[in-house]
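Notes for the one structure printed next.
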Amino acid sequence: MTLIRSISGIRGTIGGKPGEGLSPVDVVKYAAAYAEWAKNVKPGNRLKVVVGRDARISGGMVSSLVINALVGMGIDVVDIGLATTPTTEIAVVEEQANGGIILTASHNPKQWNALKLLNDDGEFLNAQEGAKILELAEAENFNFAEVDELGSVLKKGYTNIHIEQVLNLDLVDVEAIKNAGFKVAIDAVNSVGGIAIPPLLKALGVAEVVEINCEPTGYFAHTPEPLPENLVEISEIIRSNKVDVGFVVDPDVDRLAIINEDGSMFNEEYTLVAVADYILTHTPGNTVSNLSSSRALRDITEKHGQNYSAAAVGEVNVVAKMKETQAVIGGEGNGGVIYPAAHNGRDALVGVALFLTLLAKSGLKSSELRKTYPDYFISKNKIELTPEIDVDHILVQVKEKYKNERITNIDGVKIDFAESWVHLRKSNTEPIIRIYSEAKSMKEAEKLANKIIADIKSLI
């Protein structure tokens, strides 16, 4: 069994002894610690917290535990039930709640679940806030409410509200999409994308929607991370059914992968690139992605005469940098689009609506649109080290070796070369260095990764 306690929440496999897996005891403890933290932020106030969940098998059990732990702490709960992660984020703001808890393990397999924690802006907690909750949980430093002070539960749906907000975005052109007469496929991996994306597509005026794995059973039809090797089924359906474009989301619908009309991958890294290109055409401004995302976003941003900035890996870090630079669009290369005009969180619904608008207005096929963007290829590798090896010291030595190149060290070490880059990050949970490299061909990216790997091994 696995239980990972981090500043971004608690994640683990269902079952096992308390402290070893995500057991009911652990769920209640961390939900109570979150409630205690919220009460400390707004002492003396009656608080409200939104709870939403994806469709994974354990979701009903975990949701009941979380909701009742919050009630037991004297917190009023708005239970929005099956809902995407961005829907839950929006609900926090709409309800003027004091925070939210999203029950999802994102792209992890069915045995996993997690408590992802939001502040009163519907955004993920920062490192200091997360650390405080861990401290409260480990010390079991929380006080449950007496009987007359127990919280209440209000059940409320938010998917339609979320869809309406997407339709009302200034740069979403429903008429253009309708006139294009698109046939669109959606693979929702049997989670909450199935209750959100098909209704969105129909509301956008898509002529025909091909639904694949859209029943929210939690029994994932394939490995839930939207990578090419997991998308064979939808690619074949697209090719054989003359579909204009296909969309694939992860179980909590904050990541968006796109498949072209010929069954080829648009490439998850390029979801953000395409959407940013459209936004910047109409709204000049800055962009942000994380250090491990494709250089293509920087290229597109500079083509529009605007400024690109890189953030440390993690949505909370990207959002912070976007606020700092007043970015008009940003996100992560894993298909995560963050559009502040909607809200400050990765949102596949927003990504779908903006991409379809771009596709409709361009008059191009999806594969033709993809060819308008610069080609980059990312190679992802890792080196497993023994626990006694000082990973930080190795990264310092690599940084020194390449000190004449452009170095960024806000999150590990990133080395930017003229035509390529490599990003080295240590794992927070195991003795591993992750090595991401990008170049204009996969052969060049792998060559660069192997060179850095050789450098590291020579330092051990």
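List of remarks:
- Label positions at Asn409 and Glu138, each projected 7 Å from the Cα along the C-beta direction, are separated by 2.7 nm.
- Mean Cβ count within 10 Å, highest first, over the residues of peptides 346-353, 159-166: 346-353, 159-166
- Computed from the Cα positions only, the extents of the stretch 162-370 along the three principal axes stand at 43, 35, 30 Å, in decreasing order.
- Each label point was placed 7 Å from the Cα along the Cα-to-Cβ direction; for Met1 and Arg434 their separation is 2.6 nm.
- D by Stokes-Einstein for the stretch 3-157, Kirkwood Rh over Cα pairs, 25 °C, 0.890 mPa s: 164 µm²/s.
- Theoretical gain in end-to-end length, Glu384 to Gln96 [0.36 nm per residue, Cα-Cα removed]: 99.2 nm
- Derived scalar couplings between HN and Hα for the stretch 147-162 equal 4, 7, 10, 4, x, 10, 10, 10, 8, 7, x, 10, 4, 5, 5, 4 Hz in order, rounded to whole Hz, by the Karplus curve 6.51 cos²θ - 1.76 cosθ + 1.60 (θ = phi - 60°), x for Gly and Pro.
- Protection proxy ranking of 196-209, 143-156, by the mean of other Cβ atoms within 10 Å over each peptide's residues and highest first, is 196-209, 143-156.
- Pairwise Cα inverse-distance average, inverted: Kirkwood Rh of the chain (Å): 22.8 Å
- Taking the average, over residues, of other Cβ atoms within 10 Å as the packing measure, peptides 327-333, 35-41, 292-298 rank 327-333, 292-298, 35-41 from highest down.
- Helical content of the chain, expressed as a calculated mean residue ellipticity at 222 nm, amounts to -11500 deg cm²/dmol (DSSP H runs of 4 or more residues, -39,500 (n - 2.57) each, divided by residue number, nearest 500).
- Summarising the amide proton neighbourhood of Gly336: residues at separation of 5 or more, or on other chains, whose placed amide H is nearer than 5 Å comprise Leu256.
- Here the chain carries DSSP beta bridges of which approximately 55% are antiparallel, counting only pairs with both residues inside.
- Relative contact order of the chain, pairs being alpha-carbon contacts under 8 Å that are 6 or more residues apart, as %: 12 percent
- Fully extending the segment from Asp170 to Ala203 would add 10.3 nm, taking 0.36 nm per residue of separation and subtracting the current Cα-Cα distance.
- Gain upon complete extension [Asp392, Glu229; 0.36 nm per residue less C-alpha separation]: 55.4 nm
Where a number appears in this text, it was derived from the coordinates with a stated rule and is not lab data. What you are looking at is a predicted structure, and each value in this text was computed from that prediction instead of being measured. A quick note on method: Cβ atoms are made from the backbone with ideal geometry, for glycine too, and the neighbour counts reach across all protein chains shown.
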